[in-house]
1. Give region 112-134 a look and list any residue that's more than 14 Å from V49 (Cα to Cα) and touching a strand residue (DSSP E or B) at 6+ places or on another chain (Cβ under 7 Å), or say none.
2. With (1) surrounded by 21 or more Cβ atoms within 10 Å (Cβ to Cβ); (2) modelled with pLDDT of 95 or more as the list, and D121 as the residue in question, which single condition is left unmet?
3. Give me the pairs, please: first residue somewhere in region 158-179 and more than 16 Å from W46 (Cβ to Cβ), second residue anywhere and at pLDDT below 90, beta-carbon distance under 8 Å, and either six or more positions apart or on two chains.
4. Being without any contact (Cβ under 8 Å) to a residue 40 or more places away in the chain, crowded, with 17+ Cβ neighbours inside 10 Å and part of a loop (DSSP other than H, G, I, E, B), is that true of even one residue in region 76-92?
5. Restricting attention to region 131-174, which residues are assigned to a loop (DSSP other than H, G, I, E, B), crowded, with 20+ Cβ neighbours inside 10 Å and at pLDDT below 95?
6. Residue by residue through region 4-25, note down the ones that are touching a residue at least 40 places away in the same chain (Cβ under 8 Å), assigned to a loop (DSSP other than H, G, I, E, B) and among the charged types (D, E, K, R).
7. Here is a check on your reading of the model: is V28 closer than 17 Å to L87 by Cβ, touching a residue at least 24 places away in the same chain (Cβ under 8 Å), of a type outside the set (D, E, K, R) and surrounded by 17 or more Cβ atoms within 10 Å (Cβ to Cβ)?
Amino acid sequence: MTLRPALFLDRDGTLIVDTDFVRTPGEVVLLPGAADAVARANAAGWLTVVITNQSGIARGILSEADYQVVARELERQLKEQRAHLDLQLHCPHLPAISGPCECRKPGLKLYREAISRLGIDPLQSWFIGDRLRDLAPARALGGRALHVLTGTRTEDVAITEAGFVQVADLSAGVQRALSRR
């Protein structure tokens, strides 16, 4: 099996507007240029995978069914713009409520699952997100990471101190990843 490169994308603040807990399809708002960026990755033969923490499920703010409806709406909006995700995986836990887990970012369980299911080469892959926890798995798995400035920026200093490159948005991140393959 030939392994393929992938973009591991955070959801809230990277692909869609981060409104804390997205519960309904009407709250799914793609960030400017996000669908085009995913479409460019699709056209270049890269796999696109969303890995997202959804602690609102553990908190009782949204249900698993709510999450699935929102995930389908994200897919629908991307499809309207000729883009698609190859896989969406989420962690529904919050350690303070549900106890420790291995799937909550920066944990590697969901990344390893995607790598196994889709035949991804992590060494050729990029990890793009708006928080340190979205980027840290790149170091553990041998990939490269980019910090987008479209989400919450409370961790900018820590991300810069950790040596991660910052880009304006997902579009700039995908351009950089595709040009450095």
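The values are calculated or read from the model by the stated rules, or taken from the named source; none is laboratory data. Here the structure is a predicted model, which is why all the values come from computation and not from measurement. FYI the Cβ positions are ideal-geometry reconstructions off the backbone, even for glycines, and counts take in every protein chain you see.
1. Within region 112-134, just D130 meets the criteria.
2. Failing condition for D121: (1).
3. Taking only residues 6 or more apart or on different chains, the pairs are Q166/D156; Q166/I159; Q166/T160.
4. yes
5. The answer is R131, T150, G151, F164.
6. Of everything in region 4-25, those that are touching a residue at least 40 places away in the same chain (Cβ under 8 Å), assigned to a loop (DSSP other than H, G, I, E, B) and among the charged types (D, E, K, R) turn out to be D10, R11, D18, R23.
7. Criteria not met by V28.
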